[in-house]
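The values are calculated or read from the model by the stated rules, or taken from the named source; none is laboratory data. All values derive from a computational prediction rather than experimental measurement. Virtual Cβ from ideal backbone geometry, glycine too; neighbours counted across all protein chains shown. Side chains are part of the model used for accessible areas, which takes the heavy atoms of the whole protein and leaves out ligands, DNA and RNA. Shrake-Rupley method; radii C 1.70, N 1.55, O 1.52, S 1.80 Å.
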Amino acid sequence: MAVIEVAYPRYYVNTSLEEKKRAAALWASMLADYSYEIVNGAVKALIATNKYPPTIADVTEKIQLLTQKKEMTELERIMREKM
């Protein structure tokens, strides 16, 4: 949450400490099944491309994209078979 707050400071300007604590607790509980490294990578990838702060749904969607196994294209399959 600190990374998001630094990246989008105007969004959090009127947020109280108590609200920040509640938000951090919610994010932590919703993302508890993922490693810190993968969540951090997903958040940074979203910060690099989004003008607005990401939601928990944005982060989990990005995690899925980052962690799913890429299927080979037909050309890649043919090239692999020839090797």
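Observations on the structure shown:
- Residue list for region 23-56, filter: surrounded by fewer than 12 Cβ atoms within 10 Å (Cβ to Cβ), part of a helix (DSSP H, G or I) and not aliphatic (A, V, I, L, M): SER29, TYR36, GLU37, THR49
- Set LYS20, LYS82, LYS70: member being modelled with pLDDT of 90 or more and open to solvent by 50 Å² or more (accessible area, probe 1.4 Å): LYS20
- In the set TYR11, TYR36, only one residue is free of Cβ contacts under 8 Å to residues at least 12 places away in the same chain and not charged (D, E, K, R); that residue is TYR36.
- Residue list for region 1-17, filter: aliphatic (A, V, I, L, M) and exposed (fewer than 11 other Cβ atoms within 10 Å of the Cβ): ALA2, VAL6, VAL13, LEU17
- Some residue of region 29-37 being more than 14 Å from the chain's Cα centre (by Cα), modelled with pLDDT of 95 or more and of a type outside the set (Val, Ile, Thr): yes
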